[in-house]
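**Q** Here it is, the structure in full.
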Amino acid sequence: MIHSLFLINASGDIFLEKHWKSVVSRSVCDYFFEAQERATEPENVPPVIPTPHHYLISVLRHRIYFVAVIQSEVPPLFVIEFLHRVVDTFQDYFGVCTEAAIKDNVVVVYELLEEMLDNGFPLATESNILKELIKPPTILRTMVNTITGSTNVGEQLPTGQLSVVPWRRTGVKYTNNEAYFDVVEEIDAIIDKSGSTITAEIQGVIDACVKLTGMPDLTLSFMNPRLLDDVSFHPCVRFKRWEAERILSFIPPDGNFRLLSYHVSSQNLVAIPVYVKHNITFREGSSQGRFDLTLGPKQTMGKAVESVLVSSQLPRGVLNANLNPSQGAYTFDPVTKLLTWDVGKINPQKLPNLKGTMNLQAGASKPDENPTINIQFKIQQMAISGLKVNRLDMYGEKYKPFKGIKYMTKAGKFQVRT
Amino acid sequence: CSSSSCVFREVSEEQRCDIVASSTVNSFWMFSSCRHDDLKEMLDSNKDSLKLEAMKRIVAMIARGKNASDLFPAVVKNVACKNIEVKKLVYVYLVRYAEEQQDLALLSISTFQRGLKDPNQLIRASALRVLSSIRVTIIVPIMMLAIKEAASDMSPYVRKTAAHAIPKLYSLDPEQKDQLIEVIEKLLADKTTLVAGSVVMAFEEVCPERIDLIHKNYRKLCNLLIDVEEWGQVVIINMLTRYARTQFLNPNLNDGGSGDKTFYGSDEDEDDDEKENKEKAEAAALAKRKPYVMDPDHRLLLRNTKPLLQSRNAAVVMAVAQLYFHLAPKAEVGVIAKALVRLLRSHSEVQFVVLQNVATMTIRRRGMFEPYLKSFYIRSTDPTLIKILKGNGVLGVTIWCLLLSWQTYIKSMDKDFVAATIQAIGRCATNIGEVRDTCLNGLVQLLSNRDELVVAESVVVIKKLLQMQPEKHSDIIKHMAKLTDNIQVPMARASILWLIGEYCEHVPKIAPDVLRKMAKSFTYEEDIVKLQILNLAAKLYLTNSKQTKLLTQYVLNLAKYDQNYDIRDRARFIRQLIVPTEKSGALSKYAKKLFLALKPAPVLESPFKDRDHFQLGSLSHLLNAKAGGYQELPDWPEAAPDPSVRNVEVKESVRAVGTVTYRDTGALCALQASQKVDGAQVAPAPDASDSEQSRSSSESEESDEGSESEEEKENKNKKKVVKKAVKESERCRISLLPTITPSGTLKSYELLHRITGEGLSVEYCFGRQPFSPDANMVAVQLQFTNNSTSETKNLHMKDVKLQSGMRVKEFPEIELLPAGDTASAVMGIDFCDSTQAANLQLTSTRKFFVSIQPPVGELMRPVFLTENEFKREQGQLMGMNELTEKLILDAKYRNEHAIVQRVTTAAHLSRVPCGSDNECRFAGRTVTSGSLVLVTVATGEEGVAQLTVNCEKMVIGTMLVKDILLALTQ
């Protein structure tokens, strides 16, 4: 299946290679570089590139290309999904997945890759199992290791691989037993010129941080499970009970994991928490354009809209912008023509406003297109879809765990056309 | 092989150094050793920390792609190092360089051979993993032997590793294929989820054509699927798709293909052979006139894969989607759309692949994605690659949405995408008559767009559209003629000129004027434009020679001296053809026919059109070219092959090891959580089936029947009660199979009679599954039935009067048991290896005193021993610890199978492999203290048999002898 893996940074250096079968020369990456050159932007490199003897399947994350070399037929998504899983694992281990982090931990990276694939076929990809095999580096452990010469490799043999619940390591012990769940929802929306919604959908996830002793068996029930008609689960969730009773029943992995992700697409369920009043005009023949933008909250159930950030790609003809924000600060990059305005919190009494003029290149014709406005924001303590967790119960263990649930709404790809 | 392995073992430490010194690689090594002297020194030192440091540096070198092969001798010496991390890094090094330094690599083999015999399964597995990864041809026989041995290892994890090793060996030496197929066949029969994915992967790599190996395992694979790890699921689903295509009938045959119209309208653009196939199939269907009934196995596959559409793994979702697309009846395919649309929210690479597949699907099944159109809307932040594909998706889906939003798309700053959009609009317009005018109007509006590229692209598309019905659109042609003044893009200019030339009769006044203008600018034009000017001139000359004769002459003269020989050539050719001279031959008479022949309108096809003969989701489909190792998706057979090949015969329950499946077949803990009877958890019930649809319930029961083993059938009566409950609570569409082969019949005992319990009756049985919260406890499954007319509340247990040392893990309180309902729970009891009853108090509104007395056979759990281990252990348990009893077996039960079954029913033991035919051996350990229990039944002539029990605990031994004796003679 997967023959080799090459990691390539933004400047085109191969900084790590790993082979699971016979060695494939790194010159195979030349085909990738060719494709990279042809592509105008880094994300436009095709994920699958055929070469005379191999196929290259790549993903781009954190400005690193993970290029897998394939020799024969394999579902491309299989490889892509696996590569993403590799990136997630690195992130999990090192906190960030950057070239520097990978280079600093090259031995751990190599040990991980060795465990994750055997002869090119995925072997252990579950974070809990990997952590039993190879302990993640921490500052403390690195120090202890340098002094005592001990290792990152787990001394005990991993038993998780053998158990009925392969995602949970055995012998988990905590003095404080806690289970936290974060319901995070992102709104994706396209709002048209007149302010009506073209599309709006919610992409939600429930991320969990479970630190419970032993083999707890949890059930999580919702006040309004009907909202969740399009869901995907972590392998620990029992399908059958979900289908029968709309209850999530599972033995959780130890530590952080994504319990489920869901999708609310029906438009009448999606509330739009902010509105934008805009007036962006360019006049034919004039070298100036007007820019006026006001943000305001709506349908937020009384919660504050925070960390608001507005960005917009202005037309190429714009030389600079001379704007005046009523709050926050704005920047305009004359090279990329990107306008960003860090608004902060929206005060419903005094709506934030950005107003001023844009200077156009002299003699250039009026841009055909008004810029699209992207908005980012956060709303704490609210799930915009109205999803609410009813209760969390634990079976199988005797202690009383500490439970917590947090809600948050964020903007995903929230665009306003002007 | 054994002799060769001996050789390797004999290489001692001292000899290794000699070999190093004399090896041929050495000259190179001597030379470059100066560079890595420090590393070598560190590796030779006694300190593990130095070795580790050196290995880390070496691995970092390998990672960077630097050559570290000269360190091979120094590294390989450390293969037996005690430090685990050093060892692991040495393995990494070894696997990387063994191929280059085969002789030296052999030195390490003996270490792995020792590892293969280790009592710890994980060490056995990792030894096999590294051994099989060393690509050295000499050790092929050793590898073969190791794989064969590991394939019958008791640990499923080692068996999994064996399955992984198969393709490695196969790629090293394809000659071994036949032997490897034998191993694969054996592993395919494995009942654990751990092995299933890996062995199917090996099957796909080694012998995908041996579809016959799948028959017997088909149902099992379907049932295990949900609990197999994600990557295995993908491989299994893809394989089963192919399998199903060879074994079942096309479920869509009876619709006569009428609903199966391709997206691009008329049937004409359908592939000819496809059509032929369809006709053939239709004919066949007509001939039979038999209503289609789906094979229950076909249904089983569809039903068991469906929940996986909710997997978090995109590859699994895609695999199920393609399975449904290729196998499901048309009415059911719709379910995959939602899941695929969900994937569009994932990483852009995933989107890329999914959109490609969606594009193919929409060609075949037009309406499938209509409800999800909005998800295909394009965002300004999408990468171009995705935009283009989304465009294809949307436009493939339907035209209506396009008319809503295309204006916005075209304004996009991303030019590649705009071009793709316009082309897609053109495709829609050609293929869907109703919207052609709307599209054309839109495109004409685009002609006044300020962006030249947009205009050019539109012109090209309009040209193609106009060709279909030119007479209606002379005003558009006029409009385009005007554009020649402004438009600079050569392709567009060329298209306009061609249009004017072709339809010069519709624009008789304008055409000569255009030619006049063009003649003026001829020398500055691009080559393709020049060629079209020549064409235009020739056509005009033929239709309207009075006005254009001179112009044509002029253009031809200019062309005569052009730099491009193609143009000179064309000019000469045209002159000869159209200008009549005395020398010109017969051809010039036909000039008009040649130039102004009616040209067929072009067919605008989606670039995804011809891809659908590849299996969706495959690499070959994505690239539209057959990749190496691609297995063709076979056509449906015209008549279904014999379905009985999938029936499974009775199997001996020799192996009691197995994993309990989790997600739907349920684990013990699941049972505790769910107060209701939940599927196969109570007993590994085989026939919990679809109760939602009574129609299919009988069908699936029947399908499961075959895979039940004999004991389970015997179980049936016992499980009647359970089954009823299952029927009630079971809402899921998954049918279940046992993954544990129970080593005997589960016998249930009464705990509380319904009269004493005032309507509440309780039964218990020993589930023989490990009790996960506490390994020292025996799992007791309780089944509560409320026979009274009122509900029972807060049912829980209190321990009273326990013998010293006994412990109980209560089941979680059952809050409510409605009248007539049934619930079950599991509790754990540590009986301290005694058969004393555990006295308990069951409390709800009233208190009941109950006691659970375990048969001695339930106080143990099976262990797996090899024959040698068994003999060794037996040797240590002689004298007082050995009990022997003679007995005479009933004539009917003299065969080995009956003995095995009866002993494993009486006691929870597992069988030990045995060389001799007339001996059966069993082994187990007591649950609390872990003392060994060994049982031997030796049969002699005429049913005389001798039963021997060796056990440290004499009481247990004595009681066990009694019980087994009873079981065997009854």
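The values are calculated or read from the model by the stated rules, or taken from the named source; none is laboratory data. What you are looking at is a predicted structure, and each value in this text was computed from that prediction instead of being measured. Counting neighbours? That spans all protein chains shown, and the Cβs are built from the backbone with ideal geometry, glycine included. Heavy atoms of the whole protein, side chains included, go into the accessibility calculation; ligands, DNA and RNA do not. Shrake-Rupley method; radii C 1.70, N 1.55, O 1.52, S 1.80 Å.
**Q** Just to make sure I understand: if all protein chains stay in place, what is the order of B:K160, B:K186, B:K509, B:K191 by accessible area at 1.4 Å, largest first? List each step's numbers first, then the result.
**A** On the way: B:K160 10, B:K186 105, B:K509 180, B:K191 70 Å².
Largest accessible area first, the residues go B:K509, B:K186, B:K191, B:K160.
**Q** Moving on. Could you pull out every residue, at least 5 positions away or on a different chain, whose amide H is within less than 5 Å of the one on B:M860? Hs are placed 1.01 Å off N in the peptide plane, and Pro or chain starts have none.
**A** B:H908, B:V927
**Q** Also, quick follow-up: Taking the Cα centre of each part, how many Å lie between the stretch B:469-538 and the stretch A:280-349?
**A** 47
**Q** Same structure, new question: Using only atoms on other chains, find how many Cβ atoms lie within 10 Å of each Cβ of peptide B:618-630 and report the average.
**A** 5
**Q** Next question. Hey, if we sort A:D182, A:D230 by accessible area with the 1.4 Å probe, largest down, what's the order?
**A** On the way: A:D182 50, A:D230 15 Å².
Result of the area sort, largest leading: A:D182, A:D230.
**Q** Shifting gears a bit: Looking at the square roots a ≥ b ≥ c of the eigenvalues of the Cα gyration tensor of the stretch A:273-378, which shape do they give, rounded for a/c under 1.5, prolate if a/b is larger than b/c, or oblate? Don't skip to the answer; put the middle values down first.
**A** On the way: a/c = 2.44, a/b = 2.21, b/c = 1.10.
Prolate.
**Q** Also: Buried by at least 30 Å² relative to the chain on its own: which residues of the stretch A:108-124 qualify, computing accessible area with a 1.4 Å probe on protein heavy atoms?
**A** For the stretch A:108-124, once contacts with the other chains are taken into account, A:Y110, A:E111, A:E114, A:E115, A:D118, A:N119, A:F121, A:P122, A:L123 lose 30 Å² or more.
**Q** Using a/c under 1.5 as the rounded threshold, could you call the stretch A:301-352 rounded, prolate or oblate? The axes a ≥ b ≥ c are square roots of the C-alpha gyration tensor eigenvalues, and prolate needs a/b larger than b/c, oblate otherwise.
**A** Values: a/c = 3.35, a/b = 2.40, b/c = 1.39.
Taking the square roots of the gyration eigenvalues as a ≥ b ≥ c, the stretch A:301-352 is prolate.
**Q** Could you tell me whether the stretch A:1-146 comes out rounded, prolate or oblate from its Cα gyration tensor? Rule is a ≥ b ≥ c as square roots of the eigenvalues, rounded for a/c under 1.5, then prolate if a/b exceeds b/c, otherwise oblate. Show your work: numbers first, answer last.
**A** Numbers: a/c = 2.05, a/b = 1.52, b/c = 1.35.
Verdict is prolate for the stretch A:1-146.
**Q** Which links in B:K886/B:K953; A:K103/B:K117; B:K220/B:K886 stretch past 30 Å when you go from one Cα to the other?
**A** Details: B:K886/B:K953 21 Å; A:K103/B:K117 37 Å; B:K220/B:K886 41 Å.
The answer is A:K103/B:K117; B:K220/B:K886.
**Q** Still on this structure: As an exercise, identify the trypsin sites (Lys or Arg not before Pro) in the stretch B:771-863 lying in DSSP coil whose Cβ has no more than 10 other Cβ atoms within 10 Å. Numbers along the way, then the final one.
**A** Working: sites: B:K793, B:K798, B:K801, B:R807, B:K809, B:R846, B:K847; in loops: B:K801, B:R846.
Filter output for the stretch B:771-863: B:R846.
**Q** Moving to a separate point now. What does the structure give for B:306-314 when I average, per residue, the other chain Cβ atoms found within 10 Å of the residue Cβ? Don't skip to the end; give the middle numbers.
**A** Numbers: counts 1, 5, 2, 2, 10, 5, 11, 9, 7.
Partner Cβ neighbours, averaged per residue: 6.
**Q** Relative to the longest principal Cα axis of chain A, at what angle does helix A:29-38 sit, 0 to 90 degrees, rounded to 10?
**A** Around 10 degrees separate the two axes.
**Q** Can you figure out the FRET efficiency of B:M468 with A:N347, using R₀ = 60 Å and their beta-carbon distance, to the nearest 0.05? Present the calculation step by step, with values, prior to reporting the outcome.
**A** Working: r = 60 Å, r/R0 = 1.00.
Once rounded, the FRET efficiency stands at 0.50.
**Q** Related question: Using alpha-carbon positions, what is the distance between the centroids of the stretch A:22-99 and the stretch A:377-418, in Å?
**A** Cα centres, the stretch A:22-99 to the stretch A:377-418: 34 Å.
**Q** Take A:V276, A:V343 and sort them by solvent-accessible surface of the protein heavy atoms, 1.4 Å probe, largest at the top. It would help to have the intermediate numbers written out before the result.
**A** Numbers: A:V276 30, A:V343 5 Å².
Largest to smallest exposure gives the sequence A:V276, A:V343.
**Q** Could you tell me the total accessible area buried at the B-A interface, probe 1.4 Å, in square angstrom to the nearest hundred?
**A** Values: alone 44980 and 21890 Å², together 57110 Å².
Summed over both sides, the interface buries about 9800 Å².
**Q** Report the full-extension gain for the segment B:N486 to B:N557: residue separation times 0.36 nm, less the Cα-Cα distance, to one decimal in nm.
**A** Details: separation 71, 0.36 × 71 = 25.56 nm, distance 2.59 nm.
Residue separation times 0.36 nm, minus the Cα-Cα distance, leaves 23.0 nm.
**Q** On to the next question. So between B:K886 and B:Y292, what do we pick up on full extension, going 0.36 nm a residue minus the alpha carbon distance? Present the calculation step by step, with values, prior to reporting the outcome.
**A** Values: separation 594, 0.36 × 594 = 213.84 nm, distance 6.07 nm.
Full-extension gain reported as 207.8 nm.
**Q** Could you list, in their original order, any pairs among B:K168/B:K216; A:K211/B:K306; B:K51/B:K87; A:K400/B:K798 whose Cα atoms are separated by more than 22 Å?
**A** B:K168/B:K216; A:K211/B:K306
**Q** Further question: How many Lys pairs in the stretch A:273-378 lie less than 27 angstrom apart by Cα atoms, where the lysines are 8 or more positions apart or on different chains?
**A** Final tally of qualifying lysine pairs is 25.
**Q** A further question on this structure: With a 1.4 Å probe and all protein chains kept in place, how much accessible area does B:F848 have, in Å² rounded to the nearest 10?
**A** About 20 Å², ignoring ligands and nucleic acids.
**Q** Next question. Subtracting the Cα-Cα distance from 0.36 nm times the residue separation, let me have the gained length for B:K847 to B:L598 in nm, one decimal.
**A** Details: separation 249, 0.36 × 249 = 89.64 nm, distance 9.80 nm.
Between B:K847 and B:L598, full extension yields 79.8 nm more.
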